[in-house]
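The block underneath contains the structure these notes are about, expressed in structure tokens.
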4 protein chains.
Amino acid sequence: MIELGANRYGKAQIRLVRVVRGPGAHRLRDLTVAIALEGDFTGAHVDGDNTLVVATDTMKNTAYAFAKEHLDGSLETYGRALADHFLAFEQVDGASVSIREHDWSPIATPNGPAPDAFVRAGSGTRVATVVAALGGTMIEAGVEDLVVMKTARSAFSGFPRDQYTTLRDTDDRIMATKVTAIWRYGSPDLASDELHAAVQATLLEVFADHDSPSVQTSIWLMARAILERHEEVAEVRMALPNLHHWLVDLSPFGLENNNEIFIATTEPHGLIEATVRRGEG
Amino acid sequence: MIELGANRYGKAQIRLVRVVRGPGAHRLRDLTVAIALEGDFTGAHVDGDNTLVVATDTMKNTAYAFAKEHLDGSLETYGRALADHFLAFEQVDGASVSIREHDWSPIATPNGPAPDAFVRAGSGTRVATVVAALGGTMIEAGVEDLVVMKTARSAFSGFPRDQYTTLRDTDDRIMATKVTAIWRYGSPDLASDELHAAVQATLLEVFADHDSPSVQTSIWLMARAILERHEEVAEVRMALPNLHHWLVDLSPFGLENNNEIFIATTEPHGLIEATVRRGEG
Amino acid sequence: MIELGANRYGKAQIRLVRVVRGPGAHRLRDLTVAIALEGDFTGAHVDGDNTLVVATDTMKNTAYAFAKEHLDGSLETYGRALADHFLAFEQVDGASVSIREHDWSPIATPNGPAPDAFVRAGSGTRVATVVAALGGTMIEAGVEDLVVMKTARSAFSGFPRDQYTTLRDTDDRIMATKVTAIWRYGSPDLASDELHAAVQATLLEVFADHDSPSVQTSIWLMARAILERHEEVAEVRMALPNLHHWLVDLSPFGLENNNEIFIATTEPHGLIEATVRRGEG
Amino acid sequence: MIELGANRYGKAQIRLVRVVRGPGAHRLRDLTVAIALEGDFTGAHVDGDNTLVVATDTMKNTAYAFAKEHLDGSLETYGRALADHFLAFEQVDGASVSIREHDWSPIATPNGPAPDAFVRAGSGTRVATVVAALGGTMIEAGVEDLVVMKTARSAFSGFPRDQYTTLRDTDDRIMATKVTAIWRYGSPDLASDELHAAVQATLLEVFADHDSPSVQTSIWLMARAILERHEEVAEVRMALPNLHHWLVDLSPFGLENNNEIFIATTEPHGLIEATVRRGEG
């Protein structure tokens, strides 16, 4: 007996820009949207029966139409409208909408911020995922590709040594990473653009301020601060590559290297992942 | 109460090449390896205590040393040796080793295949994941980035229409996709280089031979054939983007387009995912 | 008779970070360096004679050593020191050093900018190229990957129409582009970090402020302003892809689209390139 | 006086697939096309006058229409038809058409090659550039991203040593590279699909067969062989990164490394470029 297991389908990489033409200045929302549905799709697989298969092209069209009608508020409000729309199809048990927002800043000019010209900002990609199912809705917010570096107050020492260990203890290394942080809100109604910005500011502030004995501890401290300062957040997941910066040995050239000159690398890299959450205690 | 949840860490993007200098010809193994450990790492997070944290640099060294000692057989044998090595650490509850193999072919010359010169082959990236835990070992094998296209015998029609539906039914479209297929072996002892090649050959043969009413059905037919022909396989997961090729409207230029000229696109794309397995029936 | 023509060689993608540990705050320079040499290398090609071939590994080492000794001032000062060093080899006729700088900003915290923690900035990649030859030195500065968008005051109309023309005139479109702008200084002694920032500010200001009838005119206006305001600049080359944002047709869904909702695309794109310079008139 | 210098514009990344539905089997041509024009475009820049600016959207349409009408023969025949078409505009002095072809192979099945199902091939990307100007037409053909490796018969020794040199001489290293080779035909009428395949076969054969004392010599030997064996070719340009594979030091782990285990790297890399041509002697 061969049978169909878990399955889902949808449209990915829907690229859309909304220009909100305000009275004073324009506002940009630049999104990449993905939609995925689960439900009664066994016939589509085993019988070639498409009668229940909402076309992914239809999903794309809906994303554009809803950008017109439902993208006035937060990113999550838009995602939720889309997810609820698809959940209303009888054959759908779960609808997931994932959004990545590409950030733009008004161009600075001598006369102040330009009202209708923008430059891409660099501080990571905002993400939001709405999962609507028959039992309720869950919203995760977060940031990807937030590239940060600490040039002081990062160490790694006291780790175990075996026959394959050559790394030396260090009490002053560079910590460079590309943060992925995803947090789940305690209720889907709590999500907002402002709250997202506040959580990300907490993350960056703790990254800048703490002493790091390891990437593991850095994750713990950032995630714990988010939970302590933002009661709306129920859980934080973080994944931090450790993008090694190796001290160059300048001694063959008669030069000292007092933690000044580093080789920046991307591979191999460490990869540290953890979830921090409110306990039941 | 704030507490640590699931966590793991390791080294990713370890790039290594082994040259097996056989008597007649060389053989290349070109791998990207990732290692991740789970276990007793709460202290590393919440107390900054590294005494149990096997350095990811040590993992990298071990991957290289084991490439010398344990890469004579299948990819999975190497991965299993690595996973078992790390599982033997007392603080480790689970060790996962993921390997991607980059394929090379001997260069064809008038005198036959070159013994020591190679060209990168194009038929996807072989992947293998070994997960060793206290309860046993699980091996998944597969292929990523296997780019294939059907220029006939692909259709999509009979799907439901709502106010956002503009796509027309078609009985002759291009199906282009980049296959990710991951299959789990019923026992970790079954994995071999030969079996991997046989399963991939089945996948490609069915892709070429079947009539497709939808990507969903294509996945079902390929996965079912793998399970039918290869009893070693317990389950197959597939993810297929639908890389749309849109028929160009040449009528403004006074030309007919009899399914000949297409615009190749990558975004947006459909994304169809399913698992097919042996049932309990 | 078969002969060697133009040739050069060097090291590319040398990744280095210098941390300047100032008394108040750290400063980061994060560079990717490429070095290329021309000269008497015929023997290296046709005779397999390496006696004049400075190893590219030596170039890499030199780049790191010079980062310690010569990276206190402008990017161009460092590049020039490297280029002059290699030009001093008897077999070298020309040395080219190309540098890309990856920009970082101090992380904003409630206590002000962090002294030793940084986030990657998004406003393009600064580039500098020093070409040292026996006849003198030439310096080009610039920016790559500066992603900008105008949501108003961009048009394209009045273009010629032939049998293959379907595009309609528009007096209100989005102009999105990824600017590459390279400017040559009248003398290599004029280059500085401050001047680079000032030229880039001019470019952005004009991008924001002008009315654009075409990408061609936008290039002309930006480049002309750079030459008018910065007498140190002798010539500006610009290359602007036109990253089309297509207005979505929402009418099938009963909605109006008043220049609000766009499909962002990357391919195909227009590509407009021009040089603007001081004339001899 | 500020004036416009060299300029050109066009459409890039036009993605098109042509399916040739032959009686026995289908044939695929999968192309990325770029078109660029030079000519009388000063008014477009300095006066905002678009009356001579053939829209890049029109170029795209033309590329699709010509794929229907002129893509029966060689890649270069199609490129030439496009270039000649645009050169016929009165305001155009030069038209350049650059094509990259993505290679597909019929899927192998137990019944032979599939007639209508394909898998992406891995042996580099074919390129062709047609430059049509009032004085005549020039055709360059070539290959990009041809990734090859020699595991024997590659050395690098006898290079000069200075204070920054730490690399040791080696008589047995891996040479791994991603070949870009562009050759110019003596006459545009000589270009053909068959000749392209023959030149690439020569390149690969010499890469496999020669002893390499340096990448420079490898380029010379490959390019010279192309010129010797293919009289249609007037000149060959090659650019080879040296993608270093570093021998892992396994001695800390009590293991020997007899040129077996290597770290594959991509940055930094050497970059060797040379042109080889028929001399006038």
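The values are calculated or read from the model by the stated rules, or taken from the named source; none is laboratory data. Quick caveat: nothing in here was measured; it's all calculated off a predicted structure. Note that each Cβ is placed from the backbone with ideal geometry, even for glycine, and that neighbours are counted across all protein chains shown. Ligands, DNA and RNA are excluded from the accessible area calculation, which covers all protein heavy atoms including side chains. Shrake-Rupley method; radii C 1.70, N 1.55, O 1.52, S 1.80 Å.
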Suppose R0 equals 51 Å; then what is the FRET efficiency for C:D72 and B:S105 from their Cβ-Cβ distance, rounded to the nearest 0.05? 0.50
For peptide C:165-177, the mean count of other chain Cβ atoms within 10 Å per residue Cβ is 3
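Specify whether the C-alpha gyration tensor of region B:1-59 places it in the rounded, prolate or oblate class, a ≥ b ≥ c being the square roots of the eigenvalues: rounded for a/c under 1.5, otherwise prolate if a/b is larger than b/c and oblate if not.
Note, shape of region B:1-59 comes out prolate.
Given A:K178/D:K11; A:K11/C:K178; B:K11/B:K178; A:K60/D:K178; B:K60/C:K178, which pairs have Cα atoms separated by over 30 Å?
On the way: A:K178/D:K11 34 Å; A:K11/C:K178 27 Å; B:K11/B:K178 27 Å; A:K60/D:K178 38 Å; B:K60/C:K178 38 Å.
Pairs exceeding the cut-off: A:K178/D:K11; A:K60/D:K178; B:K60/C:K178.
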Can you list the aspartates and glutamates whose alpha carbon sits under 15 Å from that of C:K150, skipping same-chain ones fewer than 8 residues off? A:D30, A:D103, A:D116, C:D171, C:D172, C:E205, C:D209, C:D211, C:E260
The correct pair for chain C, radius of gyration to one decimal and Dmax as a whole number, both in Å and from Cα atoms, is 23.1, 75
For peptide A:201-211, what's the mean number of Cβ atoms from other chains within 10 Å of each residue's Cβ? 4
Percent relative contact order of chain D, based on C-alpha pairs within less than 8 angstrom and at least six residues apart? 12 percent
Using the alpha-carbon atoms, what tilt in degrees (0 to 90, nearest 10) does helix A:193-209 show relative to the longest principal axis of chain A? 10 degrees
Would you tell me the mean number of C-beta atoms belonging to other protein chains that fall within 10 Å of each C-beta in B:102-115, as a whole number? 4
Just how far, in whole angstrom, is region D:228-258 from region C:259-274 if you go by their alpha carbon centroids? 40 Å
Taking +1 at the Cβ of each Lys and Arg and -1 at the Cβ of each Asp and Glu, which of A:L227, A:A201, A:V248 sits farthest along the dipole of region A:191-252 towards its positive end, judged by Cα position relative to the Cα centre? A:V248
What whole number of Å gives the distance from the Cα centroid of region C:176-197 to the Cα centroid of region C:147-166? 29 Å
Gyration tensor on Cα atoms of region D:124-281, a ≥ b ≥ c root eigenvalues, a/c under 1.5 rounded, else prolate if a/b beats b/c, else oblate, says prolate
Could you size up the charge dipole of chain A around its Cα centre, putting +1 on the beta carbon of Lys and Arg and -1 on that of Asp and Glu, and report it in debye to the nearest 20? 580 debye
Report in % the part of the accessible area of the protein assembly as shown that belongs to carbon and sulfur, leaving out ligands and nucleic acids; probe 1.4 Å. 48 percent
Could you calculate the FRET efficiency of A:E144 with D:D169 from 1/(1 + (r/R0)^6), where r is the beta carbon distance between them and R0 is 60 Å, rounded to 0.05? 0.85
To the nearest 100 Å², how much accessible surface do chains A and C cover up together, summed over both, with a 1.4 Å probe? 4700 Å²
When a/c is below 1.5 the answer is rounded, else prolate if a/b is larger than b/c, else oblate, so apply that to the protein assembly as shown with a ≥ b ≥ c taken from the square roots of the Cα gyration tensor eigenvalues. rounded
